[in-house]
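Report on the following structure.
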Amino acid sequence: MRLEKIYIQNYRAFKEDTYLKIKPLTLIFGENNAGKSSLARLLPSIKKSCKKNKSPHPFLPVNVHNNFGSFDFTYNRENKFKIGMMFRDNEVIYSINYLDKERVSFIESIKVYRKNNLVLDLIKNLDSSSDFKNNYFEKINSKEIDNIEFNGLEVSFKTIKDMESDIHKKMLAFTGMDLNYLKNHIFWLGPLRHTPDQVEKLFLTNFGISPNGHEATQILADSLDRRTDLFPFVQKWFRDSFKHDLNIEFFAGLSSDRMFSVVISPLNNLDLKVPICDCGTGFSQVLPIIVLGAQAILGELGNDPYIVIENPELHLHDSFHDDLGRFFSDIVNSDFNPTLIVETHSENIMLAVQLKIAKNEIEKENVIINWVKKLDNGTSIIEDVMFDENGVPSENWPISTFKTASNQARELFNINIEKQ
């Protein structure tokens, strides 16, 4: 049930039909303010729009805090916003009308394709008496359909009788099944991760990880306490990549509380234990990424999870970007078929992935770059870049990318020549 593309139109700077192509390892590159984060947050926005929520709108993009963002996210308010999801066999496209004056929105039409054949074509009845009622017309069978309700993008029905009708069964089969699976298997880490506290109380409960990665330390402490494979995995990664030991110290707190502290030690002086919050910020910023990636590799996120990571290189020296790139390749090679979407500016992450391809350690067909390009008219487009068996990018790769350092070095060289 792998998601292969997300389709958008009239979304942020993406005015025209735009397809975000998704492979097991999907990298999103581009200039600042071109729309990379908007693309990276499509899946988290779909997830939140399929969860029970208080928003009256079928879809709104989430912001960095995982709250619904502004109503004014369309490029042209007079045009409809469209979003679609293309799975291996199924494809569903929503057309959503946002009425700016009334500050309301509704799903105006749904088209569902099964193996490229149109099997469901719903359009909302928009007469004066039913603008905001749940009455639709099914164009293929020429039938009126009442009592359709939407929880965000998910369809539901008011009565059991409705659910038993053929047309409603078809709707549930083609719009409900994929979306229901998708919303429960999306994991997102935003661009700014939480810095752990010096001392934390241990909560004996199963945590999912939130966009700021706040729960990463709890997940680690729980793993060490229960002696699962997760903590040793993360500890080994820190030793191999940072040449530092990561450990957790437990101690008693007030009353019956159990407290813990995540500490870092250089490998050549394990007696020196410093709380991770007092170490370089890069340690705490990368910790949730490694925890979430380890969960994917070990199967703790289930089969076919979708992981979205923004700005993974934050506060990390360039030399460590290579470790992240190799780690991302290891994630998608896991037996549990994760899909990893990474929004980044890091050339070294990309080079690490290219080396993995050249060494036949990741299949070239499993990697794609979505290059986000800002046009002179203010709109944005996506140009997809693939790699050959040697890790060389296709002709779509912008030749000016990552040329800043070499251009500066050339300018410095010329200035020094002129001074001689």
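Every number here is computed from the coordinates shown, using simple stated rules; none is lab data. Remember, it's a predicted structure, so these values are computed and weren't measured experimentally. Ideal geometry is used to build each Cβ from the backbone, glycine not excepted, and the neighbour counts take in all protein chains shown.
Worth a mention:
- For the chain, a Gaussian network of Cα nodes joined below 10 Å ranks GLU31, GLU361, GLU395 by mean-square fluctuation, and the top entry is GLU395.
- Kyte-Doolittle mean at least -0.5 and Cα axial length at least 24 Å: DSSP H helices in the chain: 281-298
- Counting Cα-Cα pairs of region 315-415 in 5 Å increments starting at 0 gives whole-percent bin shares of 2, 11, 18, 21, 19, 14, 9, 4, 1, 0, 0.
- Charging the Cβ of each Asp and Glu at -1 and of each Lys and Arg at +1, and nothing else, the dipole of region 194-303 about its Cα centre rounds to 160 debye.
- Cross-link table LYS47/LYS80; LYS82/LYS139; LYS82/LYS373; LYS21/LYS139, entries beyond 25 Å C-alpha to C-alpha: LYS21/LYS139
- Among VAL308, VAL342, VAL385: highest mean-square fluctuation, GNM of the chain, C-alpha pairs under 10 Å: VAL385
- By the rule of a C-alpha distance below 15 Å, with chain neighbours fewer than 8 residues away ignored, the aspartates and glutamates paired with LYS143 are ASP121, ASP162, ASP166.
- Theoretical FRET efficiency, 1/(1+(r/R0)^6), r = Cβ-Cβ of GLU361 and ASN79, R0 56 Å, to 0.05: 0.80
- In the chain, inverting the average of 1/r over every pair of distinct C-alpha atoms gives 23.6 Å as the Kirkwood radius.
- Ordering of 290-303, 7-20, 233-246 by burial proxy (mean other Cβ atoms within 10 Å per residue, highest first): 290-303, 7-20, 233-246
- Put a plus charge on the Cβ of each Lys and Arg, a minus charge on the Cβ of each Asp and Glu, and nothing anywhere else: the dipole of region 297-408 about its Cα centre is then about 300 debye.
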